[in-house]
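K.L.:
Quick one: the structure is below, questions incoming.
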Amino acid sequence: MSVAQTRRRSLTLLLVSFLTAAMLSACGFALRGGGQAALSFDQMSIIQPSGFYPLADVLAETLRTNGVSVPEPVSSSDITSIGNGYALALSPETLEQRTISLNTRAGAGQYELLLSVDATLYQGGTLIGGPETITTRGTFYEDTANISGSNNARELALEDMRRTMAEQMLRQLQALNL
């Protein structure tokens, strides 16, 4: 193959790649998380149920990553300390677990988890949206020979589901005109 043919082939490949990229962007295709819409608010308080509530930390981290200032989460009994800004009140997590496959010993092998939370949006103590139920699904495998590993797999699945739920909430907040 001559140098001219190699150059022509390279230019053709470059042109086809460019046209493919142009067609994909023209139809609205974008990688997930590749383009983040700006939020129309710069501060959001999180109102959580009292006690240990891991979703609040994940949601606060997600909001901070997107340029939103998030004060320490407050419990629902301290709602008066929010002030005039926006606040997202979260209900206790509801977790359902069901068996979706059996192992060779006729015991549960794979589980499906369904995590739900009700979210309500306030501004200055006035209800402006919700409550809306946010739900995510996840799965994990149980290894009866390694119970510790199975518990870790369940916790990892729940952490991933909480991150997904926080991202869902962020997308819904981005869609609002606040």
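The values are calculated or read from the model by the stated rules, or taken from the named source; none is laboratory data. Please read all numbers here as calculations on a predicted model, not as lab measurements. Note that each Cβ is placed from the backbone with ideal geometry, even for glycine, and that neighbours are counted across all protein chains shown. Only protein heavy atoms, including side chains, enter the accessible area calculation; ligands, DNA and RNA are left aside. Shrake-Rupley method; radii C 1.70, N 1.55, O 1.52, S 1.80 Å.
K.L.:
Here are the criteria: (1) loosely packed, with under 13 Cβ neighbours inside 10 Å; (2) β-branched (Val, Ile, Thr); (3) at pLDDT below 90. Tell me which single one residue 65 does not satisfy.
P.N.:
(3)
K.L.:
Okay, next question. Given (1) modelled with pLDDT of 90 or more; (2) closer than 24 Å to residue 174 by Cα; (3) open to solvent by 80 Å² or more (accessible area, probe 1.4 Å), identify the lone condition not met by residue 120.
P.N.:
Among (1) modelled with pLDDT of 90 or more; (2) closer than 24 Å to residue 174 by Cα; (3) open to solvent by 80 Å² or more (accessible area, probe 1.4 Å), residue 120 violates only (3).
K.L.:
Among the residues of region 84-103 satisfying the criterion of being open to solvent by less than 50 Å² (accessible area, probe 1.4 Å) and in a loop (DSSP other than H, G, I, E, B), which is farthest from residue 125 (Cα to Cα)?
P.N.:
Applying the filter and picking the extreme gives 103.
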